[in-house]
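To start, the structure itself, in structure tokens.
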Amino acid sequence: MSKRLYIETVGCQMNVLDSEMVVADLKRHGYELVATPREADTVLFNTCSVREHAEEKIYSALGKLRQAKEHNPDKTIGVMGCMAQKDQKLIFQRAPYVDLIVGPGQLQQIPTLLENIRSGQGRQLAVSLGRKSGSQEVIRRSHETFDPLRDPSMRPTPFQAYLRIQIGCDKFCTYCVVPMTRGPEQGRSPEQILSEARVLADQGCVEITLLGQTVNSYRHTGEDGRVTRMSDLLRQLHEIEGLRRLKFVTNYPKDMTEELLTTIRDLPKVSPYLHVPAQSGSDEQLKRMRRGYTVADYLEMMERIERILPEAAVSSDFIVGFCGETEEDFQQTVDLVRRCRFKNSFIFKYSVRAGTKASERLEDDVPEEVKNRRNNELLAVQDEISAADNQRFVGQTVEILVEGPSRRAQKQADDGPLCQMMGRTLCDRIVVYDGNRRQAGEFLPIEISDATATTLIGRIKTVHSGPELFQLQTV
Ligand code: 5AD
Ligand code: SF4
């Protein structure tokens, strides 16, 4: 029987990594990847529950498969990831032709569950325990992820990889569904992390991005009682030969400690790109969100970053239109963005999520048109800052890791060797230049000649041998 797999992934980097793992696992079980759901006999959706919009996208994609399933009942359709964990059997009700529902903690079971479906055992469902439905240890284990052998051909590029260092979240911000879908916060063991990082480096990976919901809160206590924190882990990973860049997302403001920042400063491979979501610039809102810090705490953190890592690039997330947000609250958010001058901000309109404290206790009382207006206004403010910030680079030379053809080049039909290429600086700034596809994976100096709010535009700087080396910006 043929095993042709199509997988579609939405959501965060964690999901991208999970999909990579599942594909690698299924390939070992004889599956091959195909480019469209039509060619596939197994279609998997790796889903996100953070906002309603992401869920609706999946239901609409599932709707498009209804007819295909009627014509070919042997086509297996599966929903994996956060939506599977959050909605469980509800998905079978809304899309009765779905065969498989698998939570983020059960992904290793997918080959067996698919086999069960093929052998006529009917629909399969595997999800983790709820956060109150067992002992802490049992709940924790039911959310453990599987991070099996890595297959470089499965990654977006063979020289870059994500590495999970932390599972779940215990912060319980009132708007957020993640502590329910991904379970309790657990740091993976440093031994496991280091051995995976060494394998990745041996496979030719030069850049690793460490993943966790609050990655800088990383903590692991060994059986001997020895505690490893994020800064310890970074120091150990920094030693790995072949690795040239270490990035990490996403951070929690309260855990951006002096010690962590000095560690980042002292380790040249570690990227001083800090994504630290503020979510709001109003103390009242931060309290309602139960973020556990005030605007003053956040500004203090920014000062700490500025003092220890003056070249750092800080970015943030904001939710506009959260319950009870007044015009004044919103203006305080605008003020915070102006004061912090973030490299960029991801801005989201509040979306009620079942199972969260906000959905139970607070009213979603900001009208949609107000959310839209605030969203656009904040975006415009941030864009103006990003554009001005990027102008600073015009005339400078930056070092980038070339990732591949730019989005513009990907859209063009021409697949000759010469095209617009895209890469990133150590601080995660996007750079495009006219180059050659073969340069993917190389570190190149690019002289910046123009800039927009999102992109630096430049050309390769020809390096002369000899002592008159150009001044290379490493940020
Ligand atoms: N509505 C809107 N945005 C949300 N986020 C998390 N939960 C919600 C929600 N219910 C945003 C936060 C978080 C980012 C990943 O998504 O800004 O940092
Ligand atoms: Fe969600 Fe808050 Fe945890 Fe981030 S820190 S994943 S926003 S609960």
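What to note about this one:
- What the phi angles of segment 255-267 give under the Karplus curve with 6.51, -1.76 and 1.60, with θ = phi - 60°, is a coupling list of 9, 8, 7, 3, 5, 5, 5, 5, 4, 4, 4, 7, 10 Hz, glycine and proline written as x.
- Global form of segment 372-439, assessed from the alpha-carbon gyration tensor, a/c cut-off 1.5: oblate
- Seen from every direction in turn and averaged, the convex hull around the alpha carbons of the chain projects onto 24.4 nm².
- Using a 4.7 Å Cβ-Cβ cutoff, the cysteines of the chain lacking any partner cysteine are Cys12, Cys48, Cys82, Cys169, Cys205, Cys323, Cys340, Cys419, Cys427.
- Charge dipole (Cα centre; +1 on Lys/Arg Cβ, -1 on Asp/Glu Cβ; no other charges) of segment 226-360 amounts to roughly 500 debye.
- Summed residue charge, Cβ within 14 Å of Ser271's Cβ, Lys/Arg positive, Asp/Glu negative: +3
- Carbon and sulfur %, accessible surface of the chain computed with the full protein complex present, 1.4 Å: 49 percent
- Accessible surface area normalised per residue over the chain is 45 Å², counting heavy atoms of protein chains with a 1.4 Å rolling probe.
- One equal scatterer on each Cα of segment 26-132, no solvent, Debye formula: the resulting log10 I(q)/I(0) at q = 0.12 Å⁻¹ is -0.38.
- Cα-projected label distance for Ala68 with Val370, points at 7 Å along beta-carbon direction, nm: 4.2 nm
- Reducing segment 80-120 and segment 8-54 to their Cα centroids gives an inter-centroid distance of 12 Å.
- Positive end of the dipole of segment 45-141 (Cβ unit charges, origin at the Cα centre): among Ile139, Ser49, Val102, the Cα lying farthest that way belongs to Ile139.
- The percentage of C-alpha pairs in segment 187-318 whose separation is greater than 25 Å is 29%.
- Residues whose amide H comes within less than 5 Å of that of Val79, counting only those at least five positions distant or on another chain, are Phe45, Leu100, Ile101, Val102 (H built at 1.01 Å from N in the peptide plane).
- Using only alpha-carbon positions in segment 98-256, the gyration tensor eigenvalues give semi-axes of 28, 22, 14 Å once each is multiplied by 5 and square-rooted (largest first).
- Taking amide H as placed 1.01 Å from N in the peptide plane, the amide H of Ile400 sits under 5 Å from that of Leu444, Ile446, each at least 5 places away or on another chain.
- Electrostatic dipole magnitude of the chain [Cβ: Lys, Arg +1; Asp, Glu -1; Cα centre; debye, to 20]: 920 debye
- Adding -39500 (n - 2.57) for every DSSP H run of four residues or longer, then dividing by how many residues the chain holds, sets the calculated 222 nm ellipticity at -10500 deg cm²/dmol.
- Whole-number percent relative contact order across the chain, with pairs defined as alpha carbons under 8 Å at least 6 apart: 9 percent
- Couplings for segment 187-202, taken from phi via the Karplus curve 6.51 cos²θ - 1.76 cosθ + 1.60 with θ = phi - 60°, read x, 6, 6, x, 4, 4, 4, 5, 5, 5, 5, 5, 4, 4, 5, 4 Hz in order; Gly and Pro are left as x.
- Rolling a 1.4 Å probe over the protein chains gives His220 an accessible area of about 40 Å².
- Karplus-derived 3J(HN,Hα), 6.51/-1.76/1.60, for each residue of segment 110-119, Hz, glycine and proline x: 3, x, 5, 5, 5, 5, 4, 5, 4, 8
- Links that overshoot a 23 Å alpha carbon limit, given the list Lys57/Lys247; Lys247/Lys287; Lys86/Lys371; Lys57/Lys287; Lys57/Lys86; Lys132/Lys349: Lys57/Lys247; Lys247/Lys287; Lys86/Lys371; Lys57/Lys287; Lys132/Lys349
- Estimated at 0.36 nm per residue, the fully extended path between Glu300 and Lys89 surpasses their Cα-Cα distance by 71.4 nm.
- For Thr209, residues with placed amide H under 5 Å, excluding near neighbours: Ala161, Tyr162, Leu163, Lys247
The values are calculated or read from the model by the stated rules, or taken from the named source; none is laboratory data. On a predicted model such as this, the values are computed, not experimentally measured, just so you know. Neighbour counts run over all protein chains shown; Cβ positions are idealised from the backbone, glycine included. Just so you know, the surface numbers come from the protein's heavy atoms only, side chains and all, with ligands and any DNA or RNA stripped out. Shrake-Rupley method; radii C 1.70, N 1.55, O 1.52, S 1.80 Å.
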